[in-house]
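Read the figures in this text as sums done on the coordinates, not as results from a lab. All figures in this text were calculated on a predicted structure; none of them were measured in a lab. Neighbour counts run over all protein chains shown; Cβ positions are idealised from the backbone, glycine included.
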Amino acid sequence: MNAAGSPALIDHIAFLVPDLEEAILWWSAATGCTFSPIARYRTSRWSDRSDPELHDHDARISFSKEGPPRIELMEVTGEGALGAAEIGPHHLGFAQVRDVRARMARLAAIGVGDDGWSFTKDGTALVAFTERSALDGIRLEMVSPLPGPIVADDGSLLPLDPATGRTDLWAPR
Ligand SMILES: [Fe+2]
């Protein structure tokens, strides 16, 4: 068996940008895609190479309505996996990964390391990134089907989309 377990379709392709508002305008003009209102992936249980201990992470994000694969735009955050040195093509996102730790362990077994994790209170992995250099400059992102800690840009809660179980980025603000 390969490290993926089975071939997986790409849910989204992500780019790290210095200014999210500007990127949304630019990517909308260039692709014709419609981008969601800005949201935040906000957690106090983030770990990456900048600090392996759990720490705060508050990344501003926007997804295209079109897809999959959707386009994800993320704003530079912190000094690690989303730091300014990482601007540009960032990751291929795979959704509905039921056991993120097991998938990452299979990748580690073939030499693909990790850099960036988000955990629940009980230690379940919600998201994990592979390390950039392992796959020719692009990361893979494994995303659990559990709802992630995503809030509106102003910090208010967003509902879950009953169809997908994911945070509804398109909910009225
Ligand atoms: Fe992503």
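Annotations for the structure displayed:
- Distance between the modelled labels on His55 and Leu135, one decimal in nanometres: 2.5 nm (7 Å Cα→Cβ projection).
- Separation of alpha-carbon centers, region 47-65 and region 72-146, rounded to whole Å: 10 Å
- Applying the Karplus relation 6.51 cos²θ - 1.76 cosθ + 1.60 with θ = phi - 60° to region 88-97 yields 3J(HN,Hα) values of x, x, 10, 7, 9, x, 10, 9, 6, 7 Hz, where x marks Gly and Pro.
- Vicinal HN-Hα couplings computed from phi for region 15-21 (Karplus, 6.51 cos²θ - 1.76 cosθ + 1.60; Hz; Gly/Pro x): 10, 9, 10, x, 9, 5, 4
- Max mean-square fluctuation residue, GNM over the chain, Cα-Cα springs under 10 Å, options Asp122, Asp154, Asp58: Asp122
- Distant alpha-carbon pairs in the chain (separation over 24 angstrom), percent: 32 percent
- For the chain, the 222 nm mean residue ellipticity estimated from helices alone, with every DSSP H stretch of n ≥ 4 adding -39500 (n - 2.57) and the total spread over all residues, rounds to -4000 deg cm²/dmol.
- Figure legend: label point modelled 7 angstrom from the Cα of Val151 along Cα→Cβ; residues of region 52-88 with amide N under 11 Å from it are 58.
- Relative contact order [Cα under 8 Å, 6+ residues apart], the chain, whole percent: 24 percent
- Among the GluC sites (Glu not before Pro) in region 66-114, those located in a DSSP loop and surrounded by at most 16 other Cβ atoms within 10 Å of their own Cβ are Glu66, Glu79.
- For the chain, the longest principal axis of the alpha carbon atoms and the long axis of helix 100-109 meet at an angle near 50°.
- For Glu66, nonlocal amide neighbours, meaning residues 5 or more places apart or on other chains whose placed amide H falls under 5 Å from its own, are Thr34.
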